[in-house]
Each structure stands twice: as structure tokens, then as C-alpha cells.
Amino acid sequence: MNKGILLSVFVALFACLFIVSCSKDDDPAPDTDVNFDRQALLSSVADLITTAYATHNANINDLDATVSTFANQPNVTTLNALKTTWRQTLLDWQAVAPYEFGEAVNQSFEITHNTYPVDASLILDNIVNGGYNLDAASNNDAIGLQAMDYLLHANDETTTLQLFTADSNAQRRVQYLVDLVAQLKERSDVLTSVWQAGSSEVSDFISNDGTSVGSSLGSFLNATIKSFEGSTRSNKLGLPAGALTFSMTPLPGHVEAFYENTHSIEYLKASVNAFKNIYLGGSGIGLDDYLVALNAQHNGIPLNQAIQDQFARIDADLAQLQAPLSDLVVNDQQTALDVYAELQELVVLFKVDMMSALGVLVTYQDNDGD
Amino acid sequence: MPVNFKILSLLCATALTFASCDKECDEPAPMPSGGGNAVTTPPTYSFTDGSGNSTVSFNGQAQRLEMLSEMTALMKSTNTSGTSIDGQALRDMYANNGITWIDGPALGMTGSSKQLKSKTAAAPSGIADPAIQAQFELLMDEMTALSATTQSGSPNGGQGQGGVVVSTTDPSKMYLQNENGMEYTQLIEKGLMGAVFYNQIVQNYLGNAELNVDNTTPVDPAGGKYYTEMEHAWDEAYGYFTTATDYAPGGNGTNRFWGNYANGRETLMGSATKIATAFRRGRAAIAVNNIAVRDAQRVKLRDELQKVVAGTAIHYLNGSVADFGDDALRNHQLSEAIAFIGGLPYGYQSIADQSQVAQWLIAIGDDLYNVTVADLLAVRDEIAALADLESIKEQL
């Protein structure tokens, strides 16, 4: 079975390479003969992005407020309020992650928010030594929601409170928490102000309705599929399950929200849901409508149906997973690998079939060859 | 001794003094015999004399490209932990000092007088700059020493620790990088692309001294040299760009060096098409002695090649931001970006002088583990503004 998965991964990789290498010399032909309103599609996407950013910004403001309250009065009540806000923020974050293009790149939004596994000793060094620059690349593993996960969940409640109140570095630890959320708030505020309903960023996004490199569709789809392939398929499941290591050794410490531990599968589900929502265009015109209009086919059935069937298979598989994920990848690795293989199927449907049908070039893989 | 921006800025120091002089001394000079003969641009870089003999020749350039290819292959071998470079190997390859080359294309490299070192930062003065040569040799020495410290099967590079660094997002990718994340392979390979190939094309062979020469008499037909001096100079410029006479976007000649990076900028900038067309058209113009058309192509080549250097630097800055969370990939691409930025001053009437490049390298920082996205994007934006790439800077 492992060999089967490896084989399918190789086949997929080969297919991707083939697409990339072919498209170097012949740009995909624009589908001008199909009557489809791409601006309507982009408008749906823009609404989804606006909603996701606004929700996230509200969460970050809540997080900022609960951190302040906790910093002023660290006790069981304020700690639990903070944990609750943190969890909601990470859950809703899953709908923000797919849009890492444009201003989100300028704010390095995903890396700042959700890099894991974190480096616990680096976090502790920063707390003890101070003088850190959280924006520096060297602190990527010590910031964001996952660093907060460590601070809030690495120890039992009593010890956690003790570390924030009585420990010799308690004040520094509180300050680090404050600094972590301040960094997120600063970036989220910028992104939300640049991207909001009626802003030029949004109207430009909707009006730039071609399919070439640099078009809105090109930027958005490349970001979204890259996110699904890298952040969701690989980071949330593939790496912890051992699908990406040569020896296929599970890496339970690589699950998202490792210290909170019980909800990693929920974040994965929320992430898959976010991509499904994107695909369907929320309640508006979506990629599904576009593929139907193009009459795109896959192995004798409509590509739209193939993609929706694949989402259904993934949903069914995810429903079977027993938390926590860090135990599952060790005790029932095969189940995790099976779900990973289903996610990979969807990567291929998106990256190869859909992109080819839409005439959009995959640009997110460096093809300079070294 | 660690690589830092001071060394890197020195790499381009000398080229700069040349650039300013050029504005006055390299004005297009009208050629007495320059007529208005019609120029037809051929589909490939193939030209013959009246008897059908090929007049195209750039063996010296083909050798130097192949030398850098062999050096690069050797340098990349150190990306596998436990693989070291023999003491003088890189220096000797650089100077073609007693080297037995693999010479796959059978160019006669072994025992040849051609070398990269003597053409380093050598145009337009004609004299290679010893300080720049020494900087490249220092990089080679540091790389050789670092490669000897890696242990087979134990890639242990990271911040403050030189060694092989493995990508966290794609473990099949790993690179030998020093304690500050600088990747010697990129600094040397891309550095020499700027200090030799780019410099030789736009400052030497497209300069008046090489180009405003005889265009009537074949150099040595009995010896197989059916070309005029002017034809040969243009061919030598071409040979530093690519050795494929049928170079085309996505096709032959796009596997390495400027032919590769022009192709990488093809989708957004059309660079491969523009450069290949200008080379063919300029050469066709020389064949019919139409100097006005030749000079128009020279302007296009200098302009577009500079855009490729700047656009590629921007491309890698963007890549380093996209892979900001992956030390190996970020520092790999930043090393490339730094080398391409350092190549800019070797151009003709460059958009960036020495102090400008030094300022950018300071902004990026000495330690690639401590860079910030905001700083990288600020440098990108400044380069884009100067290179007239503002509208596509985010897509590059």
C-alpha cells in the first residue's frame, strides 16, 4: 500500500512536471469562445476573501483584548478566555490561509501566523534574553498562533499560570505573549485596510479578469492551490503521517497545534471546508460553474463532478479520523496515509486538470531548475 | 572569514568606474560604409558567406560557458553532505590551470588558452580586475574549506553553523551554505555570469572598440575563418549569451546561464524572444553592412539584458519571500538574488552604481537568517523602479 501511495505521488509529480515543462513554450489558449463571466467569479472570490480577512481581524482584536486582560490579571478565568479566543482564531484562520498573494505576501501573512512546529527552546531563549526581532527570518519558528499554542498549552493549567505569574521570567513571558499578538494585529490591520469591500485593491482584483500570468485568476489560483498542496496536504497531514519522509517515519510533533493536541483534525477539516467553499464560490459564481461552462472532462466524467466526488471522499475519510492526530499518525499510520492519498488526488485534479481546463499557468514552482 | 556585503560590493566595485566613462566614449559612431541595405532577420543564428561557408564562430565563448558549467557541477556536488572539493580544484578550473576537463561538447578545453579568470571584470578596459578575481577566489577557498567539514548523511547547516541545509518543505532540496546562509555556488556561478559573461557581452563585444572594425575582408578563409572582424565580435557577444544557434524560448540553449534566465523572464517580459531576435537581426545587419540597424539592435540588447539581470534579482527576492519560512530555500534564493544584484554594475550605463548596490546589500543584511520580508520587498521595489519593472514586480 505504501508503494501504491508512493507510486501515485510520483505519477502526480511527473504529471506536474510535464505540465510545467510543456507550458513554457506554449501559453494556454484563452477560452474566448465560452460564455462565462469571469468578473462574477472574481467577485465571489473577492467576497470570500473580504469576509475571511474581516472575520480574522475581528478575532485578532479579540485575541489582543483577551491577552491584555490576561496580562493584567492572570488567572484561570482569563487564561481560559484566552485559550477559547485563540482556538477560534486558529479555526477561522483556515479560511484565510488560501489567499497568500498580493498584500498578504507583503505581510508574509501565513508564515507570521501559522508556522509549525515551533522551536520551543528558541521561544524560551527569546523570553529570557529579550531583544528579539520577531520579523526576522530566524524567529519564524517562534512566532504566531503556534508560538501562542506553546505558551498556553505546553503545560498544565497550574504550571502555565505559575509560569506567567510567579516564575522568575513571568513578566518577560507575559511581554512575549503581548508582543506575539501585537505582531499579528499590526499585519492583520494593514491587510484588512488594504483589502476591504469597495477598496481599489478589490476593484482591481475583479477588473483584472484575464487568465495570463499576473491576472487575478492566475494569482489567486496559484496561491490557493499552492496552499492546498503545501499548507494543507503536506503540513497538516503529510509530514506528521510520514508521507514525505524517505523512511516514512511518522512525525507526530509536526501536527498543527501540537500542544493543544486535541483539535488538529478539526483544523484540517476546517481547511478542507475552506477550499470547498472557494471552489464553489461561496453562495455565488464559483470555479464549479466555470468548469461546467467549459464542459471540462476528466476520465469520461465532468471534471466538476470528479472534484466534488473527491471532496466527498475526503470528507468521509476525515469523519473517520480519531483525535488526537499526533497519536493517530503513530498508531494508525495507514489511515492517515490513505487520507493523504485522497488529498493528493485533489491536488492533481486542481493543479493539472482544472488549471489546464481554465488555461491558467502553474507558476508557483521555480522552473529555473536549480 | 564569512562572506558579507562588503565582499559582495567589492565584486562589482571596479566595473562601476568603467560604466561612467562609457557614457561619453561609447556613442554610436557612424561608419563610412554604413548604407541602408535591407536587413532580413533569419529564424536562427546561422549565417554563411557567398560560397555557403558558415561565418559564425564563438568557440572561445562556448569553452568558457562549459568551464563554468563544469565548475557549477562540481560546486553543486557539495550539496550532498560529506562531499568535499579538492584543495585547488576550483581555483585551477577558474584559471584553466592544468585542468583536464570533461569537455562533453569536445570544444578542446583541455590545454586551451581560454579561461574565466582573465576575463573577470575585464571590460571595457580589457584588463581583468585583480581585486575582483581575488574576491571570487576567496569565495572558492571558503567553499572548499566548508565542504570539507560536512559529514556524510548528517546535514547540519543552520544559523551560525555552516553546512548542508535541507529544505523543510521539499526535503529533496539541500544546499551547502555558510553560517550566515550564503550559498557559495550561487555567489560564484551567478557572480561570474555577471562579471564575465554579461560584462563581456554588453561592455566588450558590443562596445565600439570591438564592433567598429573591418567588415569587408574575411579574417582567414584558408584557415576556415570566413567571417569579418565585425561579424566575429557580434558572434562572440552571442556566444556569451548562448551557444545554441537555434536558441528559442523553451527550446535549445535555455538550460543554463543567460539563455536560461532570459527564458525565465520570457512569460512576463518576453526577454528570450527580444534578445534572440536582436542578436539575429544585428548579425544580419552586419552581413549587409547596415550599421544603423546593427546599432539599434545593440541598444535593445544592452537594455533587455540589464532588464533580465534586474528582473531575475527581483524574481529571486520574490522567491525568498514566498519561501521565507524555509531556511534552505530562502537563503538559496537570496544568495542568487544577491549575486544578480551584484551583477548589475557590470552592465552598460547601469541603473545601479556601486554605492547603490552596497546600500541594497546592507538593507538585505549580512546574515540571511535575520532578514525581514519588509526589507526584502523594499529592495525589490527600488530595483523595480529603476529597471522599469514596476508593473510586474509582484509577478516576477
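The values are calculated or read from the model by the stated rules, or taken from the named source; none is laboratory data. All values reported here derive from a predicted model rather than from experimental measurement. Reconstructed Cβ throughout: ideal geometry from the backbone, glycine too, with neighbour counts over all protein chains shown.
Miscellaneous remarks
- Condition met for B:V379 (within 12 Å of chain A (Cβ to nearest Cβ), in contact (Cβ under 8 Å) with a residue 12 or more places away in the chain and assigned to a helix (DSSP H, G or I)): no
- Residue, surrounded by the most Cβ atoms within 10 Å (Cβ to Cβ), within region B:267-278, restricted to residues that are at pLDDT 95 or above and farther than 23 Å from B:H232 by Cβ: B:A272
- Residue within region B:216-228 that is of a type in the set (V, I, T) and crowded, with 24+ Cβ neighbours inside 10 Å present: no
- Selection within region B:234-263 - among the polar types (S, T, N, Q), within 11 Å of chain A (Cβ to nearest Cβ) and under 16 Å from B:L65 (Cα atoms): B:T254, B:N255, B:N260
- Flag for B:Y227 being part of a loop (DSSP other than H, G, I, E, B), in contact (Cβ under 8 Å) with a residue 60 or more places away in the chain and within 14 Å of chain A (Cβ to nearest Cβ): no
- Selected residue (criterion: nearest to A:R38 (Cα to Cα)) from residues of region A:197-210 that are more than 13 Å from every other protein chain (Cβ to nearest Cβ) and under 24 Å from the mean Cα position of the chain (by Cα): A:I206
- If you go through region B:58-105 and keep only what is of a type in the set (K, R) and surrounded by fewer than 17 Cβ atoms within 10 Å (Cβ to Cβ), you end up with B:K76, B:R91.
- Any hit, region A:75-96, residues being under 22 Å from the mean Cα position of the chain (by Cα), closer than 15 Å to B:G325 by Cα and touching a residue at least 12 places away in the same chain (Cβ under 8 Å): no
- Positions within region B:313-329 being in contact with a Leu (Cβ under 9 Å, 6 or more places away or on another chain), touching a residue at least 60 places away in the same chain (Cβ under 8 Å) and part of a helix (DSSP H, G or I), in sequence order: B:A313, B:I314, B:H315, B:L317, B:N318, B:D327
- Selection over region B:169-223 of residues that are part of a loop (DSSP other than H, G, I, E, B), in contact (Cβ under 8 Å) with a residue 60 or more places away in the chain, over 30 Å from A:H254 (Cβ atoms) and not hydrophobic (A, V, I, L, M, F, W, C) gives a count of 5.
- Within region B:23-58, tally of residues that are at pLDDT below 80 and not acidic (D, E): 10
- Exclusive hit being away from chain B (no Cβ under 12 Å), surrounded by fewer than 22 Cβ atoms within 10 Å (Cβ to Cβ) and under 26 Å from the mean Cα position of the chain (by Cα), set A:A170, A:A136, A:A120, A:A166: A:A120
- Filtering region A:214-251 to residues that are more than 10 Å from the chain's Cα centre (by Cα), at the interface with chain B (Cβ under 9 Å from one of its Cβ atoms) and part of a helix (DSSP H, G or I) leaves A:G218, A:S219, A:S234, A:L239.
- Listed conditions (1) farther than 19 Å from B:Q349 by Cβ; (2) in a helix (DSSP H, G or I); (3) touching a helix residue (DSSP H, G or I) at 6+ places or on another chain (Cβ under 6 Å) are all met by B:D235, apart from (3).
- Residues located in region A:253-267, provided they are buried (at least 21 other Cβ atoms within 10 Å of the Cβ), of a type outside the set (F, W, Y) and not in a loop (DSSP other than H, G, I, E, B): A:H254, A:S264, A:I265
- Residue in region B:279-301 that is within 30 Å of B:G365 (Cα to Cα) and surrounded by fewer than 21 Cβ atoms within 10 Å (Cβ to Cβ) present: no
- Only one of the numbered conditions (1) more than 26 Å from A:I49 (Cβ to Cβ); (2) in contact (Cβ under 8 Å) with a residue 24 or more places away in the chain; (3) within 14 Å of chain B (Cβ to nearest Cβ) is violated by A:Q107, and that is (1).
- Members of region B:365-384 found to be among the small types (G, A, S) and closer than 21 Å to A:N208 by Cβ, listed by number: B:A384
- Scanning region B:174-218 for residues that are within 22 Å of B:Q333 (Cα to Cα) and within 14 Å of the chain's Cα centre (by Cα) yields a count of 14.
- Among the residues making up region B:330-355, those that are more than 14 Å from every other protein chain (Cβ to nearest Cβ) and either free of Cβ contacts under 8 Å to residues at least 24 places away in the same chain or assigned to a loop (DSSP other than H, G, I, E, B) (or both) are B:G347, B:Y348, B:Q349, B:S350, B:I351, B:A352, B:D353, B:S355.
- Residue within region B:302-312 that is in contact with a Ser or Thr (Cβ under 6 Å, 6 or more places away or on another chain), outside any helix (DSSP H, G or I) and either within 12 Å of chain A (Cβ to nearest Cβ) or without any contact (Cβ under 8 Å) to a residue 60 or more places away in the chain (or both) present: no
- Annotation note: of A:T192, A:T224, the sole residue that is crowded, with 21+ Cβ neighbours inside 10 Å, under 17 Å from A:V105 (Cα atoms) and in contact (Cβ under 8 Å) with a residue 12 or more places away in the chain is A:T224.
- Total residues in region B:358-369 satisfying the condition of being within 12 Å of chain A (Cβ to nearest Cβ) and under 14 Å from B:N178 (Cα atoms): the figure is 3.
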